[in-house]
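Report on the structure given below.
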Amino acid sequence: MHVMIIPTMGCPANCSYCWSSETTSLCMSTKTMDDIVEWLKTFKKEPVTFTFHGGEPLLAGYEFFEYSLDKISKELSDLYPAFAIQTNLWKMDDKLASLFKKYEIPIGSSLDGPQELNDIQRGVGYYEKTMKGYEIAKKHGLDVSFISTFTNYSIKHKEEIFNFFKENGLNMKIHPALPSIKSHKSDNFALDVEDYGELLLYLLDEYLNLADVIELKNIDHLCKAVFMRKGFVCTYVDCMGSTFAIGPDGSIYPCYRFVDMPEYVIGHVSDKPSYDDLMSSKAELLLIDYKDFVDENCKDCKHMDYCRGGCPYNALTITDNRVECVDPYCEAYKMILDKIDNLMNENLNLAFDELNDVVEKDFNFTLNVGLENQHSKNSKKFTVMDIALK
Ligand SMILES: C[S@@+](CC[C@H](N)C(=O)[O-])C[C@H]1O[C@@H](n2cnc3c(N)ncnc32)[C@H](O)[C@@H]1O
Ligand code: SF4
Ligand code: SF4
């Protein structure tokens, strides 16, 4: 289970395309944290990953994190808690960094590329503030990777952005800039579907030579998903019932993207709702309708098992909260999944041809479809299979 904790929707930044920053916003109290822990003691007995998200989670301050991490680790130890945080890093300091190191918390941050480009679409001076926090995190040995949000502006500079991450040894995850259900602020930045597909194809092509130099999480996940025939990130799984987000006041939502939208509140931690209570809420029933819609509408798609219609939030955004279509990035997903599937089949066919040759010659053979499979490399250093097996 994935529980996203949103200590605040407030943020000192105001990125041009962001749907979730508010200038004034409540900060979660330690009393709400107590309620979260009490609720989870009775909710579901399965391992939980807690992700602190926002808004800007570091605004909650050192004491909040010290209290929360200690409490969750001690009182919910039977849920084997793991932690992660998504932050712009502006408020990172030595004290917070050593606390996060104590719990080995992986950090996700946000940087859209080189300074000028980042500051054009996030805000002036933002690059420097994030990099300052990054240096502190790095000094404390924290594992940091960056989300680069591609907009219809930055997509024109995709090579420059990718080279920036590569040359600076920064791990990268990409987001397509999306419209929002909450406001039209991000509409003009939204990344076009075909551009997103082309971007994923470009990154895969680069990665097949550079998988030992940089980590591209989206491509790792997609290759693994095609190989294992199941999704590994929320976009490509039935997230309903396995992901929950808790807003600053203790309201529970199906995902952080819905926080602060009253129609998507599915319960409150202080009421200690059961799993069945949450799943019978209006918003979860809407998401279950979405799942049924995907079962019907994607049934002829070969990628159905590891795409699952993409992200319901993306789909609901463009239909004004009605279940009428799958994720609008469907065509982009098909472009990259078709490519990976074809390359993987080529790899496997070559591996089986090789196996046949060896079987004919010698019964003491080894099946070699992993890192040492030289035949299917097509002049690239790595194969999609190498990436899937990373
Ligand atoms: C909403 S922020 C919250 C955490 C933190 N403040 C940060 O910036 O990393 C999480 C991520 O969502 C991305 N984001 C914001 N608005 C977006 C949009 N309209 N479409 C896609 N991603 C967006 C941000 O760039 C950031 O990487
Ligand atoms: S993307 Fe993050 S840093 Fe930027 S305004 Fe949104 S919440 Fe704040
Ligand atoms: S690629 Fe498109 S059609 Fe196929 S499962 Fe995903 S959303 Fe459905």
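Can you list residues whose amide H is under 5 Å from Asp143's amide H, if they're 5+ apart or on another chain and H is modeled 1.01 Å from N?
Excluding prolines and chain starts, which carry no amide H, the hits are Ile107.
Based solely on C-alpha atoms, express the radius of gyration and the Dmax of segment 205-343 in angstrom.
16.8, 52
Tabulate in residue order the Karplus-calculated ³J(HN,Hα) for segment 318-334, using 6.51 cos²θ - 1.76 cosθ + 1.60 with θ = phi - 60°, rounded to whole Hz; enter x for Gly and Pro.
Once rounded to whole Hz, the list reads 8, 10, 6, 6, 10, 7, 9, 7, 7, 3, x, 8, 2, 5, 5, 4, 4.
Describe numerically, in nm with one decimal, the distance between label points set 7 Å from Cα along Cα→Cβ at Asn297 and at Asn168.
3.8
For a quick check: with amide H placed at 1.01 Å from N, whose amide H comes under 5 Å from Thr243's, ignoring anything fewer than 5 positions away on the same chain?
Long-range HN contacts for Thr243: His2.
Quick one: compute a quarter of the convex hull surface over the Cα atoms of segment 1-124 and quote it in nm².
Directional mean of the projected Cα hull area for segment 1-124 stands at 8.0 nm².
Based on Cβ point charges of +1 for Lys and Arg and -1 for Asp and Glu, what charge dipole magnitude is obtained for the chain about its Cα centre, in debye rounded to the nearest 20?
With Lys and Arg at +1 and Asp and Glu at -1, about 780 debye.
At a Förster radius of 22 Å, what calculated FRET efficiency corresponds to the Cβ-Cβ distance of Lys101 and Val37, to the nearest 0.05?
0.45
Two-decimal Rg/Rh of segment 1-63 from alpha-carbon positions, Kirkwood Rh?
1.04
In Å, what is the Rg of the alpha-carbon atoms in segment 70-167, and how long is Dmax?
Radius of gyration, then largest Cα-Cα span, for segment 70-167: 15.7, 49 Å.
Between Gln115 and Asp205, what length in nm is gained on full extension when 0.36 nm per residue of separation is reduced by their alpha carbon distance?
The Gln115-Asp205 span can extend by a further 29.9 nm.
Run the numbers on the chain and let me know its relative contact order in percent, using alpha-carbon pairs under 8 Å that are six or more apart.
Here the relative contact order equals 17 percent.
For Lys156 and Asp276, what does the FRET efficiency come to when R0 = 41 Å and r is the distance between their Cβ atoms, rounded to the nearest 0.05?
About 0.25, to the nearest 0.05.
What is the angle, in °, between the Cα long axis of helix 126-139 and the longest principal axis of the Cα atoms in the chain? Nearest 10 is fine, range 0 to 90.
The angle comes out at about 80 degrees.
Just to be sure I understand: if I project the alpha-carbon convex hull of segment 161-240 onto a plane and average over all orientations, what area do I get in nm²?
Averaged projected hull area, Cα only: 6.8 nm².
Can you tell me the FRET efficiency between Asp187 and Tyr67 if r is taken as the Cβ-Cβ distance and R0 is 56 Å, rounded to the nearest 0.05?
On the way: r = 39 Å, r/R0 = 0.70.
FRET efficiency, Asp187 to Tyr67: 0.90.
Give the order of Met228, Met4, Met335 when sorted by the count of other beta carbons within 10 angstrom, beginning with the fewest.
Met228, Met335, Met4
If the cut-off is 20 Å between C-alpha atoms, which lysines fall inside it for Lys381, apart from same-chain ones fewer than 8 positions away?
Lys166, Lys217, Lys224, Lys339, Lys390
Quick one: Cα centre-to-centre distance for segment 25-50 and segment 297-333, in angstrom?
So the separation of the two Cα centres works out to 31 Å.
How big is the C-alpha Rg of segment 42-115 next to the rule-of-thumb value 2.2 N^0.38 Å, as a ratio? Mind showing how you got there, number by number?
On the way: Rg = 13.4 Å, N = 74, 2.2 N^0.38 = 11.3 Å.
Taking the Cα Rg and dividing by 2.2 N^0.38 Å, one obtains 1.19.
After finding the eigenvalues of the alpha carbon gyration tensor for segment 216-274, what semi-axes result from the square roots of 5 times each, listed largest first in whole Å?
Sorted largest first and rounded, they come to 30, 12, 8 Å.
Considering amide H positions built from the backbone, and no H for Pro or chain starts, which residues 5 or more places from Ala82, or on another chain, come under 5 Å of its amide H?
Val48, Thr49, Phe50
Taking only Cα atoms and a 10 Å spring cutoff, compute GNM fluctuations for the chain and point out the largest among Asp327, Asp341, Asp212.
Per the Cα network of the chain with a 10 Å cutoff, Asp212 tops the list.
Seen from all sides and averaged, what is the projected area of the convex hull of the Cα atoms in the chain, in nm²?
Result: a mean projected hull area of 20.4 nm².
Taking a cut-off of 29 Å between Cα atoms, list the lysines near Lys272, but don't count ones fewer than 8 places away on the same chain.
Lys31, Lys41, Lys44, Lys45, Lys71, Lys74, Lys182, Lys282, Lys291
Hey, fewest Cβ within 10 Å first, where do Glu206, Glu135 land in order? Please report the intermediate quantities before stating the final value.
Values: Glu206 20, Glu135 11.
The order, fewest Cβ neighbours first, is Glu135, Glu206.
Values quoted throughout were computed directly from the atomic coordinates according to the rules given, and no laboratory measurement underlies them. Being a predicted model, the structure only gives us computed values, none of them experimental. Using ideal geometry, Cβ is built from the backbone for each residue, glycine included, and neighbour counts are taken over all protein chains shown.
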